[in-house]
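To keep things clear, I will list the structure first and then write my remarks on it.
What follows is calculated from the coordinates using simple rules that are stated; it is not laboratory data. In this text, all values refer to a predicted model and were calculated from it rather than measured experimentally. Backbone-built Cβ (ideal geometry, glycine too); neighbour counts: all protein chains shown.
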Amino acid sequence: MSMPFYVSPEQLIKDRAEFAQKGIARGRSMVAAIYDRGVLLVAENPSASLYKISEIYDRIAFAGVGKYNEFDRLREAGIRWADGTGFTYSREDVDARALANYYAQHLGDMFTEGQKPLEVEILVAQLGSSLRPTKLYRIAYEGTIADEPRFAILGGDAETIMARFAEADETVQPLARTLKDAVAALAGPERTLPTSDLEVGILEDRGNRRTFVRLTDQQIDELLS
Amino acid sequence: MGLPLFSAHSDPGPSFFHYAEMTGLTSQTGLAERDSAHATTVIAVRYVGGVVMVGDRQATSNYIASRDVRKIEPADFFTALAIAGTAARGMEFIRMAQLSFEHYEKMTDSALSLEGKANYLSPIIQRNNLTTPLMVIPLLAGWDPSHQVGRIFEYDGAGGCYERLDFATIGSGSPFAESTLRLGFRSDLDLDGALDLGALALYEAGDNDPSTAGPDFVRSLFPMMVTVNEKGFQELATEEVAERFRVINDRRTQSGGIPGGTLR
């Protein structure tokens, strides 16, 4: 019988974190930012059908970076959770904070007990109402949950992008300005991102129950011009 | 409720009904309590640019249980869904349908086709009607954006789904409404003609069926009138509905309550 080598808990956590970080860094990043009338989500995504940004509920959106199959499964679970909760209780009882906590627990469990940690970083955004504030919950691969006050960057190059965006937008701005700065922050000084490589969704009150809308290339162009 | 994660082989897919069944969110079957409130007459009439739906507002058990029930609801932007039968199960059914269409749209990022929605409802009706005496009969009408026509789907008690190219009725006042529609329907009805015919058909049902309420001028409660066309689901304002029923009522008062052998 062969004896397994001893690996210290510190080393194990470090290895797992490195593994997850590497996986996440392979994909492209995204920016979520609160603007004067809602929440903007911008991802660099060359695919026009495999989305990173999605509607969860009337006032809740989801975004994920990293391994597509892993965060898409979390997205589906989120929609099921929200629709099930709204069906059992009431639409106004569906709270993004509860969902963010479930995500954090699941990612935490997978990080310590799973075969491998999930190589994803996700965001749950909530558009405020008279009942709840506007919120951006960022959940990292190991289950750390952060309540970001104004904007959040997800993905490998988060720190650089964050510095660029924070410098450009010091306060909450209108949609067009926020989008411009978010795209510039994602692209960096050496690149320009074509509209076809952008995926943009917003949460904004337009008199409808459902506040999420995906912006078309044309709408993105108009806002960026 | 925790985070509902499934492995690929047991995943319920984009169907909220199947997810609800797996997780016990759906209502009990096999219960036998007959004495519950019943909802009555709803009709749908096709016209050249879409579908008109008219439904009365009364729920009846042994007595009148409610005078202002809404039996027609938007299932989504382009679809209207009406129910007859047990009110409790009917309301739950509408909620399930509304949520299912939205759920599908969010899960797959594409809307179900109108025919897809119609077929989707069959097993839900089947599950309810074949396992409980608390019958529900729905009526689905919608604008089909891919074919640019209004379409009507009716159901039998066992969940069978049938498309109707002219009109359809559900509920206890159906025989009277159906007779009126049979005489008055033409394939070239315009919106105004369809609203007139729909109102008259419901008036007849209210006149002859004790469980269907006609216009209630005392309480200012009138049947619901709805149009579904390329602009989506729209409910007529109470004043407009009241006016249409007032015209019919005045005519009927002048003739001493006799329909008069014509459709006037």
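For helix B:238-254, report the angle its Cα long axis makes with the longest principal axis of the Cα atoms of chain B; keep it between 0 and 90° and round to the nearest 10°.
Its long axis makes an angle of about 40 degrees.
Considering Cα pairs under 8 angstrom that are at least six residues apart, work out the relative contact order of segment A:85-148 and quote it in whole percent.
Once divided by the residue count of segment A:85-148, the mean separation gives 31 percent.
Can you tell me the orientation of helix A:175-187 relative to chain A, as the angle in degrees between its alpha-carbon axis and the longest Cα principal axis, to the nearest 10?
Taking Cα atoms only, the helix is inclined about 40 degrees.
Taking each residue in B:17-26, count the Cβ atoms of any other chain within 10 Å of its Cβ, then average. What number comes out?
The mean count of partner-chain Cβ atoms within 10 Å per residue comes to 2.
Where is the GNM fluctuation largest for chain B (alpha-carbon springs, 10 angstrom cutoff): B:LEU191, B:LEU25, B:LEU140?
Ranking B:LEU191, B:LEU25, B:LEU140 by mean-square fluctuation puts B:LEU25 first.
Counting pairs of alpha carbon atoms under 8 Å apart in space and at least six apart in sequence, what relative contact order in percent does segment A:22-224 give?
Answer for segment A:22-224 is 30 percent.
What average number of partner chain Cβ atoms lie no more than 10 Å from the Cβ of the residues making up A:77-89?
Average per residue, whole number: 6.
Structure shown: which of A:LYS116/B:LYS106; B:LYS117/B:LYS231; A:LYS67/B:LYS106; A:LYS52/A:LYS116; A:LYS14/A:LYS135; A:LYS180/B:LYS231 lie over 27 Å apart, alpha-carbon to alpha-carbon?
Cα-Cα > 27 Å for A:LYS116/B:LYS106; A:LYS14/A:LYS135; A:LYS180/B:LYS231; rest within.
Return a whole-number percent for the relative contact order of chain B, with Cα pairs under 8 Å and 6 or more residues apart as the contact set.
About 24 percent, as a whole number.
Quick one: helix A:158-168 against the long Cα principal axis of chain A, what's the angle to the nearest 10°, folded into 0 to 90?
Between helix and principal axis, roughly 20 degrees.
Distance from the Cα centre of segment B:123-165 to that of segment A:80-125, in angstrom?
After rounding, the separation between the Cα centres reads 35 Å.
Give, as a single signed number, the net charge of other residues whose beta carbon lies under 9 Å from the beta carbon of A:PRO174, with Lys and Arg counted +1 and Asp and Glu -1.
+1
Once you mark the GluC sites (Glu not before Pro) that are in a DSSP loop and have at most 10 other Cβ atoms within 10 Å, what is the longest gap between them in chain A?
By the stated rule (loop sites, at most 10 other Cβ atoms within 10 Å), A:1-169.
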